[in-house]
Amino acid sequence: MSQTLTKGAGAGAADPASAPSSKRRWWILSIIGIAQLMVVLDATIVNIALPSAQADLGFSDGNRQWIVTAYSLAFASLLLLGGRIADLFGRKPAFLIGVAGFAAASVLGGASTSFGMLVTARALQGVFGALLAPAALSLLNTTFTDAKERAKAFSVYGAIAGAGGAVGLLLGGLLTDALDWRWTLFVNLVFAVVAFAGGWVLLSGHRDAANSKLDLPGTLLVSTGLFSLVYGFSNAETHDWSSPATWGFLVAGGVLLAAFTWWQTRAAHPLLPMRVLLDRNRAASFLAVLITGAGMFGVFLFLTYYLQLNLGFSPTKTGVAFLPMMAALMVMAQVSTTVLVPRIGPKAVIPAGFAVAAIGMAWLTGIGIGSSFSTDVLPQLLLIGAGLGMVMPPAMSLATSGIAPEDAGVASATVNTMQQVGGSIGTALLNTLAASAATSYLAGKDATDKLVRAQSTIESYTTAFWWSAGFFAAGALLALVLYRRGTPAQDPDAAPVVHM
């Protein structure tokens, strides 16, 4: 494997001579950021509203998970197709159709009169999100070619990607408390109108892979493979791991993805060209995003349960409680991408970020029934936010650096796929492990005692936190091994380098 460093953070991403003017680039970043925030926060904004939606529409506890799962299944399974469509037919039309479709699906969901209507709307959100998300990231990759500007742009984008879940919790709580659960979906219209208008005016319709063709066999293999994988992990929450509905789909997903990988080495116009994966830093970044997605679930979901059910926080107060973590993440996003990585390289920065996040998660296991937010939760959240700010933005930037224009969409889709699949894995594993911990604690005890039951929930939360800490620790070790030494050379005029 070649040890040559990629020339230019944006090498091959765009022709500098044809890049938008400086002022126009930052306006484009704001539009991309708004669209990305809409997609990311939608993964959590509906969670807080679920009890209200369930009471209003009258669906069962067993069906409740499908409001979340329908979005995840469609989004994860179609991301690579969405990214390739952006490459083939143009990022501007992909972006605009994605925004408009996402908004229409959100209106349908907000106006739902039945469980089936709401699930359909959530699935459609996932479909259009799978077109929008990779188009947005590839637009960022091809718009910012200057090394310093690119670092700043990706620090903003990475902060949005990392903190979007917490923003969703805050906004979901505010809208549910002040208005109605339906507004957690209607609010997307505000984001969509701004993003669509800005995209229509600012973006160009250049097609970088216009001479290629869509890889239909590859599309079928990867879409069904990712669907089976996410569906299998989702079933682990409601079925036993020994159930065919769980392991059967996981095995099928693995086989289909293996077949997809084999086909990509033989297809004339591969959906995911192997050159996208063969760069060592890029492959390490994809893995870092996957692990971060899995570990972050332990922060958002179980800490939300703890704050509301054990500390008595309202939905709005719960959302506000995550703001310090978001602030720490955004500050470190700027520092890591604009100062640390350019000076000392990702091999030092990203493992250190994982290690800091792992320490914060391990520290969070000290919570108890009578814990205080200010002393037993807040310092840990600040540490976790700082650690994730050192991982997410640099990893996302490196995952798309040095990409040829015709591959920008599919490389961006791969980043989003890793984050989504990581979240699905984290959801299944941590939920299962947490439930097992609670059951083990209650064995031989009086399950009707309120104090005993409260302590069993604490055991489930801390178990999830320990496993999240383990994910981050594994991420630190893998990042230390996989990332190359040194800092990427910055030469925007150089051709992209493919590492074999």
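Under a 1.4 Å probe, what is the accessible area of region 180-285 per residue, stated in Å²?
49
How high is the relative contact order of the chain, given as a whole-number percent (alpha carbon pairs under 8 Å, six or more residues apart)?
After rounding, I find 28 percent.
Let's test the formula: R0 of 51 Å, r as the Cβ-Cβ distance of Asp56 and Trp27. What FRET efficiency results, to the nearest 0.05?
0.80
Hey, what angle do you get for helix 22-57 against the long axis of the chain, alpha-carbon based, 0 to 90 degrees rounded to 10?
Compared with the principal axis, the helix lies near 30 degrees.
Using a 1.4 Å probe and counting only protein heavy atoms, arrange Met418, Met390 so the residue with the most accessible area comes first.
So the residues, ranked largest to smallest area, are Met418, Met390.
Across the chain, where is the longest run that never hits trypsin sites (Lys or Arg not before Pro) in a DSSP loop with at most 13 other C-beta atoms within 10 Å?
Free of exposed loop sites, the longest segment is 1-212.
Could you state the angle between the C-alpha long axis of helix 115-143 and the longest principal axis of the C-alpha atoms of the chain, as a value from 0 to 90 degrees rounded to the nearest 10?
Rounded to the nearest ten degrees, it is 40.
Using 0.36 nm per residue, how much length does the chain from Leu309 to Ile369 gain when fully extended, once their Cα-Cα distance is taken away?
Taking 0.36 nm per residue and subtracting the Cα distance, the gain is 20.6 nm.
Which whole-number percent is the relative contact order of region 174-284 (Cα, under 8 Å, 6+ apart)?
23
Grab the Cα-Cα distance for Leu189 and Asp240, subtract it from 0.36 nm times how many residues apart they are, and report the gain in nm with one decimal.
14.5 nm is the gain from fully extending Leu189 to Asp240.
So between Leu277 and Trp262, what do we pick up on full extension, going 0.36 nm a residue minus the alpha carbon distance?
4.0 nm
How much net charge surrounds Val452 when only the other residues with a Cβ under 13 Å from the Cβ of Val452 are counted, with Lys and Arg +1 and Asp and Glu -1?
Result for the neighbourhood of Val452: 0.
For every other residue with a beta carbon closer than 13 angstrom to the beta carbon of Tyr483, add +1 if it is Lys or Arg and -1 if Asp or Glu, then tell me the sum.
Within the 13 Å Cβ shell, the charges total +4.
Counting Lys +1, Arg +1, Asp -1, Glu -1, what net charge surrounds Leu309 among other residues with beta carbon under 15 Å of its beta carbon?
Net charge around Leu309: +2.
Calculate what fraction, in whole %, of the accessible area of region 370-480 sits on carbon and sulfur atoms when a 1.4 Å probe is rolled over the protein chains.
Carbon-and-sulfur percentage of accessible area, whole number: 67.
Nearest 10 degrees, 0 to 90: what angle lies between the long axis of helix 450-482 and the longest principal axis of the chain (Cα atoms)?
On a 0 to 90 degree scale, this one is about 20.
The values are calculated or read from the model by the stated rules, or taken from the named source; none is laboratory data. Since we're looking at a predicted model, the values are computed, not measured. Virtual Cβ from ideal backbone geometry, glycine too; neighbours counted across all protein chains shown. These accessible areas exclude ligands, DNA and RNA; they are computed on the full protein's heavy atoms, side chains included. Shrake-Rupley method; radii C 1.70, N 1.55, O 1.52, S 1.80 Å.
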